[in-house]
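The values are calculated or read from the model by the stated rules, or taken from the named source; none is laboratory data. On a predicted model such as this, the values are computed, not experimentally measured, just so you know. Ideal geometry is used to build each Cβ from the backbone, glycine not excepted, and the neighbour counts take in all protein chains shown. For accessibility, only protein heavy atoms count, side chains too; no ligands or nucleic acids. Shrake-Rupley method; radii C 1.70, N 1.55, O 1.52, S 1.80 Å.
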Amino acid sequence: MVDRKQKTGRPKSDGNKRHKFHNVRFTEDEFKNFENLAKELNLSKTELIRIRVLENAKNLVTNSRELLNYLDGIGSEMGRIGNNINQLARHANVLKLQGTLHPTVVKHFETLLDDYIKIQRQLEISLRKIIRLMGK
């Protein structure tokens with residue numbers, strides 16, 4: 001049986017000790033915002049600064065909870081719009097069966113529906129970009 005001493009304590013450093021620092025001054029409001037952001041993102045203030053300055057300086061640090069709430073609101077609104085479109089289509093069918101559907105109403109509805117489809121496609125493209133950026 002070989003007698004080995006178990007190593008305890010802090011592991012050896014890889015030689016990349018952080019010994020440089022830079023002071024930053026904030027106003028009271030800026031500092032409160034900084035602390036709140038670190039708390040919301042569940043990061044230390046030092047980690048937040050390193051991520052923002054060194055790792056991904058061109059991209060913003062994103063509050064994912066806030067982003068998801070915003071996207072959820074957009075999804076709900078899109079659902080309501082879809083319901084309204086279905087109601088208008090049903091009403092138009094009833095008017096058509098009664099012979100009282102005016103062609104200008106149909107033309108206007110088609111224009112609005114085309115606009116909605118364009119906006120929905122733009123939203124899908126934007127959401128895909130967000131998903132790709134968050135995956136990095």
Legend entry - Evaluation of residue 123 against (1) loosely packed, with under 13 Cβ neighbours inside 10 Å; (2) within 15 Å of the chain's Cα centre (by Cα); (3) closer than 17 Å to residue 80 by Cα; (4) not small (Gly, Ala, Ser) (one fails), failing number: (1)
Inset, instruction - Kindly list, by first and then second residue, each pair from a residue in region 66-88 that is of a type in the set (Asp, Glu) to a residue that is assigned to a helix (DSSP H, G or I) and surrounded by 12 or more Cβ atoms within 10 Å (Cβ to Cβ), limited to pairs with Cβ atoms under 9 Å and residues at least 6 apart or on different chains. - result: 66/40
Inset, instruction - Check whether at least one residue in region 91-114 is closer than 30 Å to residue 55 by Cβ and either of a type in the set (Lys, Arg) or not in a helix (DSSP H, G or I) (or both), and report yes or no. - result: no
Inset, instruction - Hey, can you tell me all the residues within region 51-75 that are at pLDDT 75 or above and open to solvent by less than 80 Å² (accessible area, probe 1.4 Å)? - result: 51, 67, 71, 73, 74, 75
